[in-house]
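Participant: Please see the structure below; I have some questions.
The values are calculated or read from the model by the stated rules, or taken from the named source; none is laboratory data. Because the structure is a prediction, the values reported are computed rather than measured. Please note: Cβ atoms are built from the backbone with ideal geometry, for glycine as well, and neighbour counts cover all protein chains shown. Just the protein is used for accessible areas: all its heavy atoms, side chains included, with ligands, DNA and RNA removed. Shrake-Rupley method; radii C 1.70, N 1.55, O 1.52, S 1.80 Å.
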Amino acid sequence: MTLNLRGSAAILKNELTRFFRTAFGSIVSPVLTTSLYFIVFGAAIGGRIQEIDGVSYGAFIVPGLLMLTLLSESTSNASFGIYMPKFTGAIYELLSAPVGVAETLIGFVGAAALKSLIIAAIILVTALFFVDYTIAHPLFALGYVVLVAAAFSLFGFVLGLWADGFERLQIVPMLILTPLTFLGGTFYSIDMLAEPWRTVAQLNPIFYLINGLRWTFTGTSDVPIGVAFGMTLAFVVICIAIIAYIFRTGWRLRE
Amino acid sequence: MVRDIADPILEIRGLQKTYPNGPTALGGVDLSIRKGEIFALLGPNGAGKTTLIGSVCGLVNPTGGTISAFGHDLARDWRRVRSRIGLVPQELSFDMFDKVIRQVRYSRGLFGLPNDEARIEEVLRSLSLWDKRDEPIRKLSGGMKRRVMIAKALAHDPDLLFLDEPTAGVDVELRRDMWDQIGALRDRGTTIILTTHYIEEAEEMADRVGVINKGRILLVDDKAAIMAKLGRTEAHFTLAAPLDSLPDAIAHYPVVLEQGGFRLTYRGGDGTGKGKREVAELAQDLVRAGIAYTGLETAESTLEEIFVGLLNEQEKAA
Ligand SMILES: Nc1ncnc2c1ncn2[C@@H]1O[C@H](COP(=O)(O)OP(=O)(O)OP(=O)(O)O)[C@@H](O)[C@H]1O
Ligand SMILES: [Mg+2]
């Protein structure tokens, strides 16, 4: 029998319904947070910071903040998406249904990525109220954003599978993702860093994600764009490999 | 003990499950289910009922054995097999904030079927849930929630339905109602496997009963045959004068002296009426032998007592 795409569609629809049921909270909080960043860093402090590579500081941080939102929204959407049925026991239905790894991923990861893309779009619109920015390579930007949303929704899915409590769900984004995003150049170019921090910063995978996205916006980047794209793709492949392994062994899902 | 069934809808062979650093929940289970029957799996807490169901439904990874359904091997053709199986688990578990009808539609989609509002309405109506279709599930009573679980399991018209303790926590009236629902499903051709602690439930509903304990099936047979094989008649004769030993005239009966020789107890029969006949003959033999008695009580054991007796027998044998 072939792939059960109706099953994927059912999961996707179910997840989106959950999102729109709580649409107010899901949308307001990232928009508010991002607006605060723009007000504090873009308008208040940014005015005193000189241009970076010919780009105003306000416009420089737009891709960084977009990435910050994409990473945290994708991760938390997907991790909660799969963790909730584990928590309530509703996972029994997924396990008993004719859906496999592929269908489950399309449903959950697709929904999580879609949700964070919706929020990303809203954030970009919000940013227009605070700074003037242009997108140098719009198609690349779109492709990049979709890829990153997919990659981190996959990552979130793995996290949700692995987590056995709400604490664990939140600890990884809080202790790993957010610091790495901040240190990955959301608010600065690594040219501003002195050694050894400049080298250390390049060990951070999120540094490449942010710079890849920044290139699509401003046409400038701290690293070659090919390297940034390559790192992002590698991340997606690793996540899919881990998930395939988890499903094959039934780890954490099937007793 | 396991009789081979021609063309079974479900065939389990040597099924084993040992949980990681846990107990052996299933120690080699063989079971064949007939198409169209209601099969009751009866066993105490921790017997392995849920594990057995979980192994067929994809919730548990068995550590050994084979399962095939509808003539297909479950391990190989899992997509095809699972699309025809429905499961109502023991615990209530769903998105409590979602609406009844949406959850039922979701289940149908998950199993790969196109939406069919007419069928969804039919399922909801058959479970008296139609009026509640737009309620969030959390607002429903416990019994109604359980019906939502059943509606979800029926949304894809399964040919084989598992009900893990369908009437746990349901009041007497609702339980009878649930039995009617299950009966109606069987009449439509659905094969049903249910687990229960309520003997009356198995007695009322099942065509066949399987008794499971400590991960082993002790007995599988037609409900009536189980009664015939193991039904016990117990009769107590209160004697006018105590006896020191059993007189030869009645020694061939399964009788013992109790309470210092004041009571003669018969335990025997097979549930077909043999017990009552023998007690009547015994009574005449007592009169002929000149043994007077002042009282006689007889009782037929229920499935529950049979079941407890079976467990004891197994423990003695072990
Ligand atoms: N996830 C698990 N991990 C470890 N052991 C388990 C797990 N699930 C069940 N067991 C054990 O396996 C055995 C069989 O459990 P199971 O739930 O199948 O019994 P049951 O017959 O359904 O009992 P009940 O009537 O109480 O529902 C028990 O000893 C139980 O403790
Ligand atoms: Mg159980």
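Participant: Do we find that residue B:86 is under 28 Å from the mean Cα position of the chain (by Cα), at positive phi and either buried (at least 22 other Cβ atoms within 10 Å of the Cβ) or at the interface with chain A (Cβ under 9 Å from one of its Cβ atoms) (or both) in this structure? So that I can check it myself, show each step before the final result.
Facilitator: Numbers: under 28 Å from the mean Cα position of the chain (by Cα): yes; at positive phi: no; either buried (at least 22 other Cβ atoms within 10 Å of the Cβ) or at the interface with chain A (Cβ under 9 Å from one of its Cβ atoms) (or both): yes.
In short, no.
Participant: Moving to a separate point now. Report, by residue number, each residue of region B:151-169 that is within 16 Å of ligand 1 (Cβ to nearest atom) and open to solvent by less than 10 Å² (accessible area, probe 1.4 Å). Working first, answer last.
Facilitator: Narrowing region B:151-169 to residues within 16 Å of ligand 1 (Cβ to nearest atom): B:162-169.
Of everything in region B:151-169, those that are within 16 Å of ligand 1 (Cβ to nearest atom) and open to solvent by less than 10 Å² (accessible area, probe 1.4 Å) turn out to be B:162, B:163, B:164, B:166, B:167.
Participant: Quick one: which residue in B:188, B:176, B:138 is in contact with a Phe, Trp or Tyr (Cβ under 9 Å, 6 or more places away or on another chain), surrounded by fewer than 18 Cβ atoms within 10 Å (Cβ to Cβ) and assigned by TED's automatic domain parsing to the domain that holds residue B:54?
Facilitator: After ruling out the rest, the residue left standing is B:138.
Participant: Next question. Can you find a residue that is without any contact (Cβ under 8 Å) to a residue 12 or more places away in the chain and either within 27 Å of the chain's Cα centre (by Cα) or part of a helix (DSSP H, G or I) (or both) anywhere in region B:148-166? I'd like the intermediate steps shown before the answer.
Facilitator: Just the residues of region B:148-166 that are without any contact (Cβ under 8 Å) to a residue 12 or more places away in the chain, to begin with: none.
The answer is no; no qualifying residue exists.
Participant: Give me the helices (runs of 4 or more DSSP H) completely within region A:26-128, filtered to those with at least 2 residues that are over 27 Å from residue B:106 (Cβ atoms), ordered by residue number. Walk me through how you get there before you give the answer.
Facilitator: Numbers: elements: A:57-88, A:91-96, A:101-128.
Fully inside region A:26-128 and qualifying: A:57-88, A:101-128.
Participant: Still on this structure, please answer the following. Only residues that are among the acidic types (Asp, Glu), more than 16 Å from ligand 2 (Cβ to nearest atom) and under 21 Å from residue B:107 (Cβ atoms): list them for region B:142-179, please. Step through it out loud before you land on a result.
Facilitator: Quick first cut of region B:142-179, residues among the acidic types (Asp, Glu) only: B:157, B:159, B:164-165, B:171, B:173, B:177.
Retained after the next criterion (residues that are more than 16 Å from ligand 2 (Cβ to nearest atom)): B:157, B:159, B:171, B:173, B:177.
Once the filter is applied, which keeps residues that are among the acidic types (Asp, Glu), more than 16 Å from ligand 2 (Cβ to nearest atom) and under 21 Å from residue B:107 (Cβ atoms), region B:142-179 yields B:157, B:159.
Participant: Just checking: which of the helices (runs of 4 or more DSSP H) contained wholly in region A:148-255 hold 1 or more residues that are within 14 Å of chain B (Cβ to nearest Cβ) and either closer than 21 Å to residue A:114 by Cβ or open to solvent by less than 40 Å² (accessible area, probe 1.4 Å) (or both)?
Facilitator: Numbers: elements: A:166-172, A:178-181, A:197-201, A:205-218, A:225-249.
Filter on region A:148-255 gives A:225-249.
Participant: Now a separate question. Just checking, how many residues over region B:190-215 are modelled with pLDDT under 90 and within 16 Å of ligand 2 (Cβ to nearest atom)?
Facilitator: 9
Participant: Residue by residue through region A:91-109, note down the ones that are of a type outside the set (Asp, Glu) and crowded, with 20+ Cβ neighbours inside 10 Å. Even if it seems obvious, please write down each step before you answer.
Facilitator: Step one: of region A:91-109, the residues of a type outside the set (Asp, Glu) are A:91-92, A:94-102, A:104-109.
Matches in region A:91-109: A:92, A:94, A:95, A:96, A:97, A:98, A:99, A:104, A:105, A:107, A:108, A:109.
Participant: From the residues in region B:94-127 that are without any contact (Cβ under 8 Å) to a residue 40 or more places away in the chain and not in a helix (DSSP H, G or I), which one is least open to solvent (accessible area, probe 1.4 Å)?
Facilitator: Only one residue tops the list, namely B:98.
Participant: Right, here's the next one. Of the conditions (1) open to solvent by 40 Å² or more (accessible area, probe 1.4 Å); (2) more than 13 Å from chain A (Cβ to nearest Cβ); (3) modelled with pLDDT under 95, residue B:143 clears all except one; give me its number.
Facilitator: It is condition (1) that residue B:143 fails.
Participant: Which one of these does residue B:38 not meet: (1) more than 16 Å from ligand 2 (Cβ to nearest atom); (2) open to solvent by 10 Å² or more (accessible area, probe 1.4 Å); (3) hydrophobic (A, V, I, L, M, F, W, C)?
Facilitator: For residue B:38, the exception is condition (2).
Participant: Might you check whether a residue that is touching a Phe, Trp or Tyr at 6+ places or on another chain (Cβ under 7 Å), open to solvent by 20 Å² or more (accessible area, probe 1.4 Å) and away from chain B (no Cβ under 14 Å) occurs anywhere in region A:66-86?
Facilitator: No, the conditions are met nowhere in region A:66-86.
Participant: Just one of B:44, B:89 is touching a His at 6+ places or on another chain (Cβ under 8 Å) and within 16 Å of ligand 2 (Cβ to nearest atom); which is it?
Facilitator: Details: B:89 fails: touching a His at 6+ places or on another chain (Cβ under 8 Å).
Every option except B:44 fails the conditions.
Participant: Another question about this same structure. Anything in region A:12-26 that is more than 13 Å from residue A:114 (Cα to Cα) and of a type in the set (A, V, I, L, M, F, W, C)? List them, or say none.
Facilitator: Within region A:12-26, A:23, A:24 meet the criteria.
Participant: Let me spell it out: the conditions are (1) more than 12 Å from the chain's Cα centre (by Cα); (2) assigned by TED's automatic domain parsing to the domain that holds residue B:126; (3) away from ligand 1 (no atom under 16 Å from the Cβ), and residue B:238 meets all of them except one. Which number is the exception?
Facilitator: Only one criterion in (1) more than 12 Å from the chain's Cα centre (by Cα); (2) assigned by TED's automatic domain parsing to the domain that holds residue B:126; (3) away from ligand 1 (no atom under 16 Å from the Cβ) is unmet by residue B:238, namely (2).
Participant: Tally up the residues in region B:159-188 that are farther than 20 Å from residue B:31 by Cα and either in contact with a strand residue (DSSP E or B) (Cβ under 7 Å, 6 or more places away or on another chain) or not charged (D, E, K, R) (or both), please. Can you show your working first?
Facilitator: From region B:159-188, those farther than 20 Å from residue B:31 by Cα are B:166-185, B:187-188; that's our starting set.
Checking which are either in contact with a strand residue (DSSP E or B) (Cβ under 7 Å, 6 or more places away or on another chain) or not charged (D, E, K, R) (or both) leaves us with B:166-170, B:172, B:174, B:178-179, B:181-185.
Residues flagged as farther than 20 Å from residue B:31 by Cα and either in contact with a strand residue (DSSP E or B) (Cβ under 7 Å, 6 or more places away or on another chain) or not charged (D, E, K, R) (or both) within region B:159-188 amount to 14.
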